[in-house]
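Undergrad: If you scroll down you'll find the structure; I have some questions about it.
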Amino acid sequence: MLSSYYPMADQEPFHAAVDKLMPMRPMDYALPPLMMRSRSSSATSSEVTPVSEEAISNLRRNNSAEKSIRQRAVPTPPPRAPLPPTPRPSIMHHQLSCHPKSPSVGSILASIPNKRPTTPAPTIHDIQRPSSTLQLPSSPPNLRASPSLRTMISSANLRMKRQRQQQQHANAWGYILEQNHTEQDRLVAQHYLLRMMFGGVDYNAPVSLDNNNSFGAKSNIVVLDVGCGPGAWTMEMATAFPKATFIGIDKDDFFPQDIKPKNCHFRQYTIGEDGTLPFPDNSFDFIYQRDFNWALTTDMWTRLINEYMRILKPGGWIELVESDVETKSSMRMECAMNDKLLEGMALRHQEPHIARHLSTLLAVNGFRRVQSQFQSFPLGWDKEQQAEKEKQNDPSTLTPSELAHQQKQKRIRSELARLAASQYLFLLQSLRPWLSLVMNLSTDKYNNYIIGLPEEWRQGQTYTNWHCATAQKPPITRF
């Protein structure tokens, strides 16, 4: 039946005539000529239908409409405005990126969280006002007889055992020095002793190329004292350099609150295990830290040094002053105590010999111009006097002025040795709550133990070393 729809061979095919009238679009060649096929399935005989003359007329009308659309002028879009050129960083921008603007002193002080309670004190009306939340006990109190003496003793022993365990846990991870006024007096005496032993100066870092008035020669100098304690160093420096601003932070608030120089500020802040500080970047020109190893673990040292690098201004200086925990002695009692000190600090994940590696610690963390020095502190004996006894010098060969100067120096050295011995003995007393547990001694036995140490110090010529390291932050920030 399909053959009847096509013309004879001698006549022009019907689909060829249609192609002359209207060329088919490319998409129409996908189907067989003169046939319309369903795209959902393959072509069958039932799907093929003949093309009528009405369909051909519709195709012609569509073709004429398409030609009119092609001949119609297409409006061109308006030209786009050229984009402005991308600004390139100038030399001034590069300089600003290398030397960012430092925060003000007010913003630095505001960055420290206030740990004082903000709850207002109760007034007289609050005290006299009757409380409406008072509740009576639901059951009458126990009116039995008092507990026996054995029960009281056992409960007291249990409480003491719990308190001792809590103290051991706190001393294992907390601050091991006593936090009282006696410890603060020891820190003040230690400040003046270190000042005399290091040449009578309060700092050794070459903050600038000027003389001793380097802090006063430059304006907007901000200095940070980490672990300021009673604030002796901070207030002395603030008095000597009134144009600079000095900020001291410590975990305890034993520092002065009101009687202090106006350019001296104290804030209570505890450095956590992450070693972070609450100050913005590039805040300080000089950072001073002294005798802080008792509060830091080995990991906290590296984190804190990185924080110092962050908060220092480009070109700023840092000074670290620490002591060797282990004294230099060959006496039996002193060696036993040194072993216990090293063992206890190892249990607390602390480095007892960090003072010897301060310069290395600063250098590996990006600081430059690293310098270090140390001073030996004889504990109760004069090394010069001991050397003179060995040489057996005759003082009669000296002139009266030289002899007077020599006697004066002897008195100074003897006084410094006495102060150093007294200072270290007070340190052992401040370590008593923690060190007595490490040595497994009671309080009385521990006191009797350390009382006999000064005689061993003189006999064994015991001394301790204090190390000082200074370094500078690179003046240009690396990209």
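What follows is calculated from the coordinates using simple rules that are stated; it is not laboratory data. Treat the numbers as computed from the prediction; the structure is a model and nothing was measured. We place every Cβ from the backbone using ideal geometry, glycine too, and count neighbours over all the protein chains shown.
Undergrad: Restricting to DSSP loop positions (anything but H, G, I, E, B) with no more than 15 other Cβ atoms inside 10 Å of their own Cβ, which chymotrypsin sites (Phe, Trp or Tyr not before Pro) remain in segment 272-318? The partial results should precede the final answer.
TA: Details: sites: 284, 286, 288, 292, 294, 301, 308, 317; in loops: 292.
Those that pass, being in a loop and sparsely packed, number zero.
Undergrad: Could you give the length gained by full extension between residue 175 and residue 101, i.e. 0.36 nm per residue of separation minus their alpha carbon distance, to one decimal place? Mind dumping the intermediate values first?
TA: Working: separation 74, 0.36 × 74 = 26.64 nm, distance 3.65 nm.
Going from the current span to full extension adds 23.0 nm.
Undergrad: Rounded to the nearest 0.05, what FRET efficiency is calculated for residue 340 and residue 363 with R0 set to 30 Å and r the Cβ-Cβ distance?
TA: Working: r = 32 Å, r/R0 = 1.07.
Plugging the Cβ-Cβ distance into 1/(1 + (r/R0)^6) gives 0.40.
Undergrad: Could you sort 232-238, 367-373, 419-425 so that the peptide with the highest average Cβ count within 10 Å comes first and the rest follow in order? Could the numbers behind the result be given before it?
TA: Details: 232-238: 22.4, 367-373: 15.7, 419-425: 19.7.
Ranking, from highest mean packing down: 232-238, 419-425, 367-373.
Undergrad: Among 258, 202, rank each residue by its count of other Cβ atoms within 10 Å, from fewest to most, as a rough exposure measure.
TA: 258, 202
Undergrad: Something else now. How large is the convex hull of the C-alpha atoms of segment 205-330 per residue, in Å³?
TA: Spread over its residues, the Cα hull of segment 205-330 gives 134 Å³ apiece.
Undergrad: Largest first and in whole Å, what are the equivalent-ellipsoid semi-axes of segment 181-472 based on the Cα gyration tensor, each being the root of 5 times an eigenvalue?
TA: Computed over segment 181-472, the values are 33, 26, 18 Å.
Undergrad: Under 9 Å from the Cβ of residue 321, count the other residues' Cβ atoms, weight Lys and Arg +1, Asp and Glu -1, and hand me the total.
TA: -2
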